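The values are calculated or read from the model by the stated rules, or taken from the named source; none is laboratory data. Keep in mind the model is a prediction, meaning the values are calculated, not measured. Here Cβ is always computed from backbone atoms with ideal geometry, including for glycine, and neighbour counts include all displayed protein chains. Just so you know, the surface numbers come from the protein's heavy atoms only, side chains and all, with ligands and any DNA or RNA stripped out. Shrake-Rupley method; radii C 1.70, N 1.55, O 1.52, S 1.80 Å.
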Amino acid sequence: MHNINIERAILSTILYQSEASDGILESLEDEAFYHPTYRDIYQTIQYLVLKNIPVDEEFIRKHYKGGAFSEDVFFDILSTTPLPNTAPYIKELLELWNNRKIEKSANEILSKVQIGEDVTDLIIGIGKLSAPIRKIQPFHADKIEAREPEFVCKSWLPIPRGALSVISAPGGTGKSWFALQLAMRYVSEEKKKVFLWLSEDRASICKDRLLKISAFTGLDITGLIHIETSFPPLLLRKSKTGTDIDPYFYQIRKTLLTYDFVLFDPLLAFYGGNENDNSEARIFMQPFMNWAAEENKSIVFLHHSRKNNQDGENKVRGAGAFIDSARCAYEMERIYQKKELDTRRLHEREIRLTKDNWGAIVHLRQYKTYLHLMPEKSSLSFAGSNYEERTQQEDKVDFSHLRL
């Protein structure tokens, strides 16, 4: 019913970023703060603004409206990093406050029912409780600046900037090889920081693959590529009041503020909901869509797809909302010839552009392309290099057991 970290971060933002304070004070009442001292400090800030007194440490101490002033609590606020974007945090705080009001009303109804009192008015009141609706801010069409969508890695595989992308592939197809090379190419072109959360691989294996990619592409391994390989948190939170994104998402977002390209692998490791439920999938994906748009980041999810069906086409696993939320989607698969694995091209992958809202095709120029992901002398390629020689002695060689 509360999140002390968000309350503290909002107060820190008011103190350190004066330009953000107006929007916060317009959106939040003091009762939205659960922590009593944070609520008293916020009330003091409201008083200072009303009296046109500067909002700083000394005046807050002087005009503090609560009981004994706690230096320890105030130090916690001052040592907290300000928020890059307050809107999602304010929304979360308002929803938590609303849940507390609903719980309070429900307890009142229960106590009155037990002694036989009429609860009609209370039931009507609890039905009206809702978090404040965000203001609609329409733009005049003639005042909007026209701008074409931006893409990164245009010469290799176009990824939109300021939007969410999804790349899907069957298990064991080489998604991590793809992620690492994509990061190297992005850094080579943009000279900006990349964050990869590769939860299915060890850091040492990732470094080995980076070295191998560097050897056959000539791309440098730089300090701009940062990799996390720990087991990720599940970010879809279910409770008696409904389903929403866990506040830890906003902590991740704050931590990754300085990264311009962020990739998560695989999507379902972060999800935690019913993968076939469109409403849950949309609730999960929406904050990532907002994050990409508000901070103009390229955010990519790698996602598992089902095994190949009879016509060789991949089918993305789970709810359609995973792909619906993306502005760009690709499917990756091994290369086949006449439905047989092409053992001469085990180091390559076929990439198909399956969703294109922003015009990636302008840069890709075709809906199907081929990418060289791993060294030709990788274990997979080596295993298939003498395919022709062995097929003279065997009717058929099955390479389906081979793994990267």
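Here is how the numbers come out for the structure above:
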quantity: Choice from G67, G359, G171 with maximal GNM fluctuation in the chain (Cα, 10 Å cutoff); calculated: G67
quantity: DSSP beta bridges in the chain [antiparallel fraction, %, rounded to 5]; calculated: 45
quantity: With all protein chains modelled, accessible area of K297 [1.4 Å, Å²]; calculated: 0
quantity: Cα-based shape type of the stretch 1-90, given that a ≥ b ≥ c are square roots of the gyration tensor eigenvalues and the cut on a/c is 1.5; calculated: rounded
quantity: For the chain, built as a Gaussian network whose Cα springs stay under 10 Å, the top-fluctuating residue of E200, E117, E275; calculated: E117
quantity: GNM result for the chain, Cα springs below 10 Å: residue of I205, I361, I14 fluctuating most strongly; calculated: I205
quantity: Directionally averaged shadow of the stretch 195-277, computed from the convex hull of its alpha-carbon atoms, nm²; calculated: 7.0
quantity: Diffusion constant of the chain at 25 °C, which comes from Stokes-Einstein with the Kirkwood Cα-pair radius and 0.890 mPa s, µm²/s; calculated: 100
quantity: Spatially proximal aspartates and glutamates relative to K355 (Cα-Cα < 15 Å; intrachain offsets below 8 disregarded); calculated: E313, D324, E331
quantity: For the stretch 188-261 versus the stretch 80-94, the gap between their alpha-carbon centres in whole angstrom; calculated: 22
quantity: Whichever aspartates and glutamates have a C-alpha closer than 15 Å to that of K192, once near sequence neighbours (fewer than 8 apart) are set aside; calculated: D220, D260, E295
quantity: Length-normalised contact order of the chain in % [C-alpha pairs under 8 Å, at least 6 apart]; calculated: 15
quantity: Label zone at Y336, where the point sits 7 Å out along the Cα-to-Cβ direction: the stretch 157-195 residues whose backbone N lies under 19 Å; calculated: 168-175
quantity: Prolate/oblate/rounded call for the stretch 207-335, Cα gyration tensor, a/c under 1.5 rounded; calculated: oblate
quantity: Total charge dipole magnitude, the stretch 215-298, about the Cα centre, Cβ charges on Lys, Arg, Asp, Glu only, Debye to nearest 20; calculated: 300
quantity: Two-site label geometry, R306 and E148: point separation in nm, points 7 Å out along Cα→Cβ; calculated: 3.8
quantity: The stretch 154-253 - Kirkwood radius from inverse mean 1/r over Cα pairs (Å); calculated: 15.5
quantity: Inter-label distance, nm, simple model (7 Å from Cα along the C-beta direction), H372/K62; calculated: 7.0
quantity: In the stretch 1-95, GluC sites (Glu not before Pro) in a DSSP loop with at most 15 other beta-carbon atoms within 10 Å; calculated: E29
quantity: Residues F69 and I221, FRET efficiency given R0 of 60 Å [Cβ-Cβ distance, rounded to 0.05]; calculated: 0.70
quantity: Which of P375, P170, S27, positive extreme of dipole for the chain (C-beta unit charges); calculated: P375
quantity: Per-selection Rg to Rh, the stretch 234-295 - Cα, Kirkwood hydrodynamic radius; calculated: 0.96
quantity: Dipole magnitude of the chain, debye to nearest 20 (Cβ charges: Lys/Arg +1, Asp/Glu -1, about Cα centre); calculated: 960
